[in-house]
Amino acid sequence: MPASSSSSSSRTVVVVGYGPAAVPAVQTLAAQLPADWRLVVVSATTAYWPVSALRAAIVSGWEDKPVASVEHAFPHGKRHVLVTGTQVVELREHSVLVDKPHPELGCEIAFDYCILATGSKYAYPCRPRVGATVEEAVADLRQTQRDVAAAESVLIIGGGPVGVELAGEIGEYYGGSHGRPKKRVTLVHSHDRFIHQDGWSDKFNKSLKSQVEALGTKVVFNAKVSDGPTESGPVEGGSHTFHLDNGETVDADFVFVAFGSSPNTGFVGEFDPATLNDKRQVKVRPSFQLDKYPTLFAIGDITAVDESKLFAHAKNHGAVAAANIIALIRAGNSASSTTPPKSYKAGPQLMIVSVGTKGGAGQLFGFTVGNWFSSFVKSKSLFVSDFKKMYAATA
Ligand SMILES: Cc1cc2nc3c(=O)[nH]c(=O)nc-3n(C[C@H](O)[C@H](O)[C@H](O)COP(=O)(O)OP(=O)(O)OC[C@H]3O[C@@H](n4cnc5c(N)ncnc54)[C@H](O)[C@@H]3O)c2cc1C
C-alpha cells in the first residue's frame, strides 16, 4: 500500500527493510536528497521491537509495546513512497523485484542507489508473523500470553540472550504470587555457558546462570533437544516428553524456540554469492558499500561488520550510508570513482541481557555489570520509549 504518492522522478534510492538501521538512513535522505530524487522504502512487516517482544509474549499489558506502524516514521506528503506488507524477493544491479505488484511501481523497482537493511531472521516472538498487521501482531502476542498462562511446564530450546531473557520473564511473572502459580521451566543449551562466543566473561555468564536458576529455571548445558519443534507454541495434545541427546528427557506443554537466528540475505546471495561471508552476512566497506557494487549499500544486522548485532550499533549505520549516498549524488554520475566521505568504525563490545524487570547482567567495554545496573538501563524499560520515538508512535 502506498503511504504517499510518487512523482514522475526517475532518480530513486530504494531502501529494503524499515527496522532500526533503516529509519535514520531514511530520515537523513529525506532531509537532504535533491528535489528530483525520491525514496522508495519496501517493508515486509510492521515496525517491531524484538527487545520487548519476549516480555510482550508473557506479561499481560505488554502486548502492544513491541509493535508500531511504520507509516508515522515516514516522510509523508512528499514525493517519497512507502511500500508496506511487501517483500523484496530478488536483487538486481539496478532494480529490486517485489512479491506483490505495487499499483504505481509494479513488480520491478529501478534504483540509482539501494540500501539493504533486512536485519535478522528469528523465530516468533522475536519477529512477528510475516504479513501480520499491527492489530494481528498484538493479537498474536496476547494469544501467546494465554497459551503460556495455560501451560504447566515450559521448555526453552537455546540459551543465548533470547533463551535467558525468556527464562527471566517467565520466572519473574510466574513467581507464585498474584494468583500466578510457578511453572516448571527447563532451558536446554548446547554449550557449557550461555554467551559462549569469545570475549564474554565467566563472571557475566555466571551472574546470568545464578539469576535464572534463582527464578526457578532448570538449566541443562551441553545438550541438544533431539525431537523439538521448529516453531514456538503450545504442544498439540498437551504435555509431551522431549528427548535430549545426553539421554535426559523433559516433559513440557509449551516450547519456545530460542535458537537459529540468521541474516535475511537469501536474495543478496542469489544476486552474487561473493557478496556474503561464511555466516551469510553482507561484506561491506567502511562506507557500507558492497565491494564491486558502489551503488549498493548494506546496514544493520545483515552486515559483516565485526560487532555484536545490536540496535545500539545498527542505528549508527544509517546516517553514514545516507551521508555517503548524498555525497555521491552531489559528485554526479561517478559512484565508482568517487570515494565516499564517511567511514564507519565498528562499535565497542557491549551487551546487556535482562532477567525479568529487576535482574540482568552485562559486559560493557570489558567490565561486567550486575542486576542493579542492568535493570536500571535495560530490564525495566526494554528501551520501549526509544522504539516508539523512532516510529513516532503515541502508545
Ligand atoms: C530478544 C532480543 C533482545 C535484544 N536486545 C537488544 C538490546 O538490549 N540492545 C540492542 O542494541 N539490541 C538488542 N537486540 C538486537 C536488535 O533488535 C537488532 O540488532 C536490531 O533490530 C537490528 O536492526 P535492523 O534494522 O538491522 O534489522 P531488523 O530489526 O531485523 O529489521 C529489518 C526489517 O527488514 C524487513 N525485511 C526483512 N526482509 C525483507 C525483505 N526481503 N523485503 C522487505 N523487508 C524485509 C523486516 O520486516 C524488518 O522490519 C535484541 C534482539 C532480540 C531478539
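Among the listed residues Ser210, Ser190, Ser153, Ser201, which satisfies the condition of being among the hydroxyl-bearing types (Ser, Thr, Tyr), out of contact with any Pro (no Cβ under 8 Å at 6 or more places or on another chain) and open to solvent by 60 Å² or more (accessible area, probe 1.4 Å)? If you could, list the steps in order and put the result at the bottom.
Values: Ser190 fails: open to solvent by 60 Å² or more (accessible area, probe 1.4 Å); Ser153 fails: open to solvent by 60 Å² or more (accessible area, probe 1.4 Å); Ser201 fails: open to solvent by 60 Å² or more (accessible area, probe 1.4 Å).
Answer to the selection: Ser210.
Looking only at segment 268-282, residues that are in contact with a Lys or Arg (Cβ under 8 Å, 6 or more places away or on another chain) and surrounded by fewer than 15 Cβ atoms within 10 Å (Cβ to Cβ) come to 2 in all.
If you go through segment 74-94 one residue at a time, do you hit one that is free of Cβ contacts under 8 Å to residues at least 12 places away in the same chain, more than 27 Å from Lys121 (Cβ to Cβ) and among the small types (Gly, Ala, Ser)? Spell out the reasoning first.
Quick first cut of segment 74-94, residues free of Cβ contacts under 8 Å to residues at least 12 places away in the same chain only: none.
So far as segment 74-94 goes, no, none of its residues is free of Cβ contacts under 8 Å to residues at least 12 places away in the same chain, more than 27 Å from Lys121 (Cβ to Cβ) and among the small types (Gly, Ala, Ser).
The residue of segment 110-150 that is farthest from the ligand (Cβ to nearest atom), among those that are surrounded by 24 or more Cβ atoms within 10 Å (Cβ to Cβ) and farther than 21 Å from Val255 by Cβ, is Tyr113.
Kindly provide the set of residues from segment 246-275 that are within 19 Å of the chain's Cα centre (by Cα) and not in a loop (DSSP other than H, G, I, E, B), ordered by number. Before the answer, list the steps.
Here is the first cut: in segment 246-275, the residues within 19 Å of the chain's Cα centre (by Cα) are 256-268.
Selection gives Phe256, Val257, Ser262, Pro263, Gly266, Phe267, Val268.
Answer yes or no as to whether Ala21 is closer than 19 Å to Ile326 by Cβ and within 9 Å of the ligand (Cβ to nearest atom). Yes.
Residue by residue, here is whether (1) open to solvent by 50 Å² or more (accessible area, probe 1.4 Å); (2) aromatic (Phe, Trp, Tyr); (3) assigned by TED's automatic domain parsing to the domain that holds Leu215 holds:
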position	(1), (2), (3)
Phe311	no, yes, no
Ala322	no, no, no
Ile326	no, no, no
Pro341	yes, no, no
Thr357	no, no, yes
Asn371	yes, no, yes
Ser379	no, no, yes
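If only residues of segment 28-49 that are open to solvent by 40 Å² or more (accessible area, probe 1.4 Å) and part of a helix (DSSP H, G or I) are counted, the one that is nearest to Arg180 (Cα to Cα) is Ala31. Selection of segment 343-355 for residues being surrounded by fewer than 16 Cβ atoms within 10 Å (Cβ to Cβ) and polar (S, T, N, Q) yields Ser343, Gln349. Among the numbered conditions (1) open to solvent by less than 60 Å² (accessible area, probe 1.4 Å); (2) within 14 Å of the ligand (Cβ to nearest atom); (3) more than 24 Å from Ser226 (Cβ to Cβ), the only one that Gly106 does not meet is (2).
With respect to being within 12 Å of the ligand (Cβ to nearest atom), polar (S, T, N, Q) and open to solvent by less than 40 Å² (accessible area, probe 1.4 Å), Thr265 fits the description.
The values are calculated or read from the model by the stated rules, or taken from the named source; none is laboratory data. Keep in mind the model is a prediction, meaning the values are calculated, not measured. Glycine gets a Cβ as well: all are built from the backbone with ideal geometry, and neighbour counts include every protein chain shown. We work out accessible area using only protein heavy atoms, side chains counted, and drop any ligands, DNA or RNA first. Shrake-Rupley method; radii C 1.70, N 1.55, O 1.52, S 1.80 Å.
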